[in-house]
Every structure is written in structure tokens, then in C-alpha cells.
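Have a look at the structure below, then the notes.
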Amino acid sequence: MNVYLNKIKEFYHQYLSFRSLRVRIFLIVLVVGVIPSVAMRYGIMRNYEQRAVELRTVTVQNQLKVIADHLISADYFNSNGSDVVNAELEMLSNLYDGRVQIISGNLRVIRDTYGISEGKTIISEEVIKCFMGDSLSNYDDQNRYIEVTIPIIDNQNVSAEETAFEGNTAPGGVKQPDPRVKGVMLTSISTDYIEDTMEILSRKAMILETLMIMAIVVIAFLLSIVLTRPFERVTKAIGEVKAGYSNESISVPGLAETEHIMEAFNQLLQRMKVLDDSRQEFVSNVSHELKTPLTSMKVLADSLLVQEDVPAELYQEFLEDIVSEIDRENRIITDLLTLVKMDKKVSALNIVSLNINDLTELILKRLRPLARKKDVEVVFESVRPVTAEVDEVKMTLVMSNLVENAIKYNKEHGWVKVVLDADHQYFTFEVSDSGIGIPEDSLAQIYERFYRVDKSHSREIGGTGLGLAITKSAVLMHRGSITVTSTEGEGSTFLVKIPLNYISQ
Ligand code: ADP
């Protein structure tokens with residue numbers, strides 16, 4: 001049941017959810033493809049309609065003008081009609097499936113091809129405007145007809161009064177009837193044929209559009225699949241690494257974007273491999289380091305066991321050696337635990353404001369007995385009083401490790417100098433010694449876990465190879481830095497720089 005539910009969910013996310021890139025590509029292509037095709041159809045239809053109406057209006061107007069001239073020359077208004085003109089009107093009416101009305105100067109309909117309004121009076125805006133000399137046309141797309149109104153102008157028998165008429169605009173801006181206008185022709189012609197043509201056109205365009213939309217849907221679907229395929233391959237490739245089938249670098253050629261993802265993923269993989277390698281190396285180093293004292297103890301104990309009548313002094317001596325090996329084992333374990341604690345980032349620092357001068361004095365006091373054993377002189381130079389925000393335990397580790405090393409790796413009757421200074425941002429803790437120094441090619445490695453320049457010498461003086469690793473880690477946790485300069489046979493100088501105010505991120 002759950003499996004099906006998950007499958008449905010997966011399907012939804014992949015093919016239906018708007019968050020899916022595939023769905024977005026599909027919709028974008030669809031919208032970009034469909035809108036122009038619909039707009040195009042609409043535009044073309046509108047354009048056709050306009051052109052057809054315009055053309056028909058002009059044609060009818062021209063024909064009406066010709067008939068208007070005939071009306072004047074046949075003296076239609078005074079001679080009670082003319083058969084020739086009437087026949088022309090009839091023809092026009094039939095040709096355009098329309099109605100023609102002739103209106104005389106007193107707004108009376110003297111001829112109607114439909115024969116309905118003859119004798120009646122028409123007072124409409126168009127007619128009145130027309131008597132002022134304007135030709136008018138109006139397209140009524142609801143009732144499907146074009147209304148054309150033209151004035152019947154007599155330019156032949158012009159009276160003196162008519163000659164005096166200077167246009168149809170009086171000084172006050174009010175239009176005056178044009179005296180040359182003897183009557184008006186009011187025509188309404190049907191636009192059915194335009195509508196019919198449009199309907200046929202529209203049907204054809206619809207079919208074309210439907211086909212186009214179907215093609216766009218298919219294209220959008222295919223594009224959405226093709227464009228997102230590289231992402232699927234990426235997920236699959238990462239999935240294989242996750243499942244453990246492979247941990248080699250993977251390459252998924254396709255889009256630049258997916259290649260970038262893979263590049264980043266491969267870098268992550270590389271980093272994980274490095275971490276894994278260093279973890280394995282660390283584990284093998286730890287095992288080796290822990291085994292060494294155990295092996296020594298076993299050798300010592302075995303040699304006592306195999307011998308008969310072992311003198312008590314030998315027992316004493318061997319047991320002392322065993323105890324010192326146990327101490328060593330203990331030291332290694334303590335140092336390892338400290339290091340592991342440092343590694344855990346959760347081990348948040350316990351930051352307090354501390355007098356660093358006092359802390360240094362305390363550490364030196366603790367280490368002076370060790371120095372005395374080797375007859376090493378320890379000097380402390382405090383340039384200024386320093387108070388800083390540090391973790392006391394970790395800072396103690398840093399300082400005591402450095403001073404202890406300076407004493408341990410010193411010569412007989414040598415010296416160790418500790419200088420504490422500060423500026424407005426950092427305090428510096430410098431430990432110099434007159435010791436054996438560190439070879440140049442070892443300088444980069446001394447902070448590595450278990451690294452010792454001279455293994456046997458370090459072992460002799462009780463080193464674990466973890467001191468500087470712990471020191472560096474503690475310094476970095478305080479967002480400080482540690483540097484070393486050394487000349488073999490002459491001595492070394494370690495310089496630690498720590499911010500006075502703890503920087504939390
Ligand atoms: P260890 O416990 O062996 O002292 P560290 O990590 O403290 O380990 O130091 C690593 C190695 O760096 C030492 O084994 C030693 O060879 C070298 N070293 C550290 N400090 C000094 C120093 N002041 N003078 C000379 N060599 C040093």
C-alpha cells in the first residue's frame with residue numbers, strides 16, 4: 001500500500017507538480033506556442049472583416065454617387081421619379097441585398113426599394129448630417145449591415161444664394177444645411193456574405209489552429225522530456241554512488257548545468273575520499289602506536305618468564321620498564337581522547353575573559369621542574385598585560401605543549417624564551433628555544449598526528465606525536481594562527497596569534 005502511495009507521490013512530483021522542471025518547460029513551451037497562434041487567428045479574422053467592410057462601403061458609395069448624379073440629371077425630385085433611375089436603384093438594391101431610400105429636402109421619403117417608408121418623414125442624425133454635405137457610413141456588426149448615407153448634390157443649377165454658401169460652418173461653429181444638397185440617399189446593405197466568408201475562414205483557421213496546438217503539445221511534451229533527461233541521469237549516477245556500486249568520479253555529458261552539478265559532486269566525492277583515507281590512516285596509526293608499548297611489555301614479561309632463577313634486581317628493573325611503558329600507553333590514550341574531543345565540532349568552546357599573563361605564569365611554574373632536570377633556563381617576557389576571550393583548558397594545552405616541546409627538544413644548559421605581546425586585535429604568544437631545531441623538510445608535517453622528526457628520540461623523551469596536532473586544532477578553534485621558524489641545531493620559534501575577542505563565526 002505504502003509502495004503504491006510513494007509511487008503516486010513520485011509520479012506527482014515528476015509529472016504534475018508545478019515545482020517540477022519538466023512541468024514548467026512543458027507549460028512554457030505550450031503557452032509560448034499557443035498564445036501567438038490564437039492571437040494570429042484573431043488578428044487575421046479582424047483584419048479581413050475590416051478590409052471587406054471598407055471595400056464594400058467604398059464600392060457602394062461610388063455607385064450611389066453615380067446614381068445621385070443620374071437623379072439630378074433626370075430632375076428626379078421635381079418630375080415625380082424617373083423609371084431609368086428607379087430601375088438603377090432596384091438593381092443596386094438586388095445586387096447588394098440592401099435597401100435604398102431617397103429622401104427629399106423636406107425629409108420625406110420619396111422612394112424606398114422595399115416600398116415600406118415611402119411618404120414618411122425621416123429625422124435621423126445621419127440624414128441631417130448628410131444634408132450638411134457629409135457622406136457617412138456605419139458598420140453594424142451585431143445586425144450585420146452597413147449603412148451608407150450620401151448627399152445628392154446639384155452642382156449644375158446653382159442659384160446666387162447657393163453660390164454665396166461658403167462651406168457648411170457658420171461663424172458660431174454650428175453647421176448649416178448645404179443648399180446644394182437636394183436630397184439624401186440612405187442605403188443599408190447586408191454584410192451576410194462577409195460573415196459567411198468569415199465563418200468559413202474561421203472554421204478552416206480553427207482546424208489549422210487545433211492541429212497546431214496538438215503539434216505544440218507534442219513538441220512541448222518531447223522537449224520537457226529531452227531537456228530534463230540529463231537531470232535524471234545525474235540522479236541515477238549519484239544514486240549508484242550512494243548505493244555503493246561505484247565511488248569513481250562520474251561524468252554525465254548533457255547540459256552545461258548538469259555538468260556543473262557533476263563537477264561539484266565529484267569534488268565532494270574527492271573530499272570524502274580524502275577524509276576516508278585520512279580516517280583509515282589515522283586508525284592504522286593509532287593501532288600501531290597503541291601496540292608498540294604493549295609489544296615492549298610482552299617482550300619484557302616473556303623474557304622474565306622464560307628464565308629460571310631470575311635475580312630480584314632484574315625483576316625490579318624489568319617491572320620498572322613495564323611501568324614506564326604503561327605510562328606511555330596512558331599518555332597516548334589521554335592525548336588521543338583530547339584530540340577526538342577537539343575534532344567534535346559540538347565541543348563548543350567555553351569562552352571566558354582571561355588574564356593571559358597569569359595563565360602563562362602558571363604554566364611556566366608547572367613546567368619549571370622539567371626544565372630544571374635538563375638545566376634549561378626558562379625566561380618570560382611580558383610586553384604588556386593581556387586579557388583575552390579564550391577557552392582556558394584549550395589555551396592551557398596550546399601554551400604548555402609549546403613550552404614543553406621547547407624544553408624537551410632542547411640541549412643541556414639551553415634556554416627557552418616566552419614572549420607575550422598584543423596589539424588592538426590579537427595577542428601573540430611566542431616560544432623560542434636554543435634546541436635541536438627542526439629540519440626544513442619536516443616543518444610542514446610537524447602538525448600531523450603521530451608525526452615525529454626523530455621517532456626514537458621523541459619516544460625516549462616521552463613524546464606521542466600528538467601534541468602539535470592538538471595545539472594547532474585548539475588554535476584554529478580560537479580562529480587564530482600558528483607559525484614556526486627553525487634552524488636545525490640552533491633552535492626553533494613558534495608564534496601563536498589569537499584574537500583578543502572571540503569571533504563566533
Ligand atoms: P611529540 O609528542 O613527539 O613532542 P608533537 O606533536 O608535540 O609530538 O611534535 C611533533 C614533532 O615536532 C616532535 O616529535 C619533534 O620532532 C618536533 N618538534 C616539536 N617542537 C619542537 C621544538 N621546539 N624543537 C624541535 N623539534 C620540535
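What is the sum of charges around Arg203, taking Lys and Arg as +1, Asp and Glu as -1, for the other residues whose C-beta is under 14 Å from the C-beta of Arg203?
Result for the neighbourhood of Arg203: -2.
Can you give the local net charge around Tyr145? Use residues other than it whose beta-carbon is closer than 10 angstrom to its beta-carbon, Lys and Arg +1, Asp and Glu -1.
Details: positive: Arg99, Arg144; negative: Asp97, Asp140, Asp141, Glu147, Asp192.
Net charge around Tyr145: -3.
Please give the net charge around Lys120, taking every other residue with its beta carbon less than 11 angstrom from that of Lys120, where Lys and Arg add +1 and Asp and Glu add -1.
Value of the local net charge: -1.
Using Cα pairs under 8 angstrom and six or more residues apart, how large is the relative contact order of region 389-505, in percent?
Answer for region 389-505 is 32 percent.
Could you check the spin-label model distance between Leu5 and Lys273? Points 7 Å from the Cα along Cα→Cβ, value in nm.
For the pair Leu5/Lys273, the computed spacing is 4.1 nm.
Give the dimensionless ratio obtained when the Cα radius of gyration of region 344-411 is divided by 2.2 N^0.38 Å.
Its radius of gyration relative to the 2.2 N^0.38 Å reference: 1.25.
Under the √(5λ) rule applied to the eigenvalues of the Cα gyration tensor, what semi-axes describe the equivalent ellipsoid of region 220-282? Give them in Å, descending.
30, 11, 6
List the aspartates and glutamates whose alpha-carbon lies under 18 Å from that of Lys365, not counting same-chain residues fewer than 8 positions away?
Of all the aspartates and glutamates, those that pass the test against Lys365 - Cα under 18 Å, at least 8 places apart if same chain - are Asp375, Glu377, Glu381, Glu392, Glu404, Glu430, Asp433.
Please return the longest range in the chain lying between exposed loop sites, taking GluC sites (Glu not before Pro), DSSP loop only, at most 15 other beta-carbon atoms within 10 Å, and leaving the sites out. Write out the running numbers ahead of the final one.
Values: sites that count: Glu118, Glu166, Glu248, Glu308, Glu412, Glu488, Glu490.
In short, 1-117.
Output the relative contact order of the chain, whole-number percent, from Cα pairs under 8 angstrom with separation of 6+ residues.
Details: 657 pairs, mean separation 48.1, N = 505.
Reported as a whole number, the value is 10 percent.
Can you give me the Rg/Rh ratio for the chain, using Cα atoms for both radii and the Kirkwood formula for Rh?
Details: Rg = 53.7 Å, Rh = 34.8 Å.
Radius of gyration relative to Kirkwood radius: 1.54.
Mind checking the dipole of region 328-484: about its Cα centre, +1 per Lys or Arg Cβ, -1 per Asp or Glu Cβ, Debye to the nearest 20? Don't skip to the end; give the middle numbers.
Values: 22 positive and 22 negative charges, 116 e Å.
So the dipole magnitude of region 328-484 works out to roughly 560 debye.
Kindly flag which residue pairs out of Lys236/Lys273; Lys373/Lys417; Lys273/Lys394 have an alpha-carbon separation exceeding 22 Å in this structure.
Among Lys236/Lys273; Lys373/Lys417; Lys273/Lys394, the Cα-Cα distance tops 22 Å for Lys273/Lys394.
Given the options Asn350, Thr57, Pro439, identify the residue whose Cα lies farthest towards the positive end of the charge dipole of the chain (+1 on Cβ of Lys, Arg; -1 on Cβ of Asp, Glu).
Asn350
Using alpha carbons only, what's the Rg to Rh ratio of region 309-468 with Rh from Kirkwood?
Values: Rg = 18.2 Å, Rh = 17.8 Å.
Result: Rg/Rh = 1.02.
Filter the chymotrypsin sites (Phe, Trp or Tyr not before Pro) in region 242-300 down to the DSSP loop ones having no more than 11 other Cβ atoms within 10 Å, then list what survives.
Here the sparse-neighbourhood loop sites are Tyr245.
Run the reach check for Lys242 against aspartates and glutamates, Cα to Cα strictly under 12 Å, same-chain hits fewer than 8 apart removed. What comes back?
none
Give the cross-link partners of Lys129 among the lysines, using a straight C-alpha distance below 30 Å as the criterion and excluding same-chain residues fewer than 8 apart.
Lys65, Lys120, Lys175, Lys182
Which far-off residues, 5 or more places away or on another chain, put their amide H under 5 Å from the one on Glu488, with H placed in the peptide plane?
Result for Glu488 returns Ile438.
Here, each number is a calculation from the coordinates, and none is a lab measurement. The model shown is predicted, which means the values in this text are computed figures rather than measured ones. Note that each Cβ is placed from the backbone with ideal geometry, even for glycine, and that neighbours are counted across all protein chains shown.
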